[in-house]
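Encoded as structure tokens, the structure appears first; notes follow it.
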Amino acid sequence: MNKYPNYSSKKRDQFLHDFKDRGMMRWFGFYLSDHSLAIRKQKKQEHQILAQKHHLQMSFSEIAETISLALVHQSQVIIEKNDTEIKNGEMIDSAQIKGFIQGYSDDGLVVDEQEIPYQEIKYLTLYQGTKS
């Protein structure tokens with residue numbers, strides 16, 4: 001008694017031989033969209049941190065202490081420079097710089113491949129986010 005009269009074991013064997021399962025390839029589309037969403041969310045959080053209101057001028061000793069903490073803990077820093085310009089009647093500070101301290105000298109720091117003289121640093125803090 002055959003439940004499936006059109007069943008052929010030869011056809012099944014040929015199908016199993018020729019069929020190529022894409023395995024995880026079929027799931028990459030889901031992974032990429034979730035991963036992209038997570039990256040966008042992280043970038044948005046970082047942008048919000050960098051867009052916070054401006055700070056008062058720090059003393060040189062506070063700046064030096066923060067630099068030493070960043071070097072010891074290998075943390076990223078956020079630097080607000082004291083460059084201010086006037087656009088449309090508003091005082092606008094320059095963009096903040098975020099990155100690891102890549103080097104330093106008697107004159108200044110190198111952060112995110114930018115040389116920043118100590119006298120141009122208005123505010124310096126350790127970045128509290130994840131390392132990237």
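Data overview
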quantity: Odd one out for ALA95, checked against (1) within 15 Å of ILE116 (Cβ to Cβ); (2) modelled with pLDDT of 85 or more; (3) within 18 Å of the chain's Cα centre (by Cα); calculated: (2)
quantity: Positions within region 4-60 being under 30 Å from GLN119 (Cβ atoms) and at pLDDT 80 or above, in sequence order; calculated: LEU56, GLN57, MET58, SER59, PHE60
quantity: Per-region count, region 116-127, residues farther than 17 Å from LEU71 by Cβ and part of a strand (DSSP E or B); calculated: 3
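The values are calculated or read from the model by the stated rules, or taken from the named source; none is laboratory data. This is a predicted model, so every value here is computed, not measured. Neighbour counts run over all protein chains shown; Cβ positions are idealised from the backbone, glycine included.
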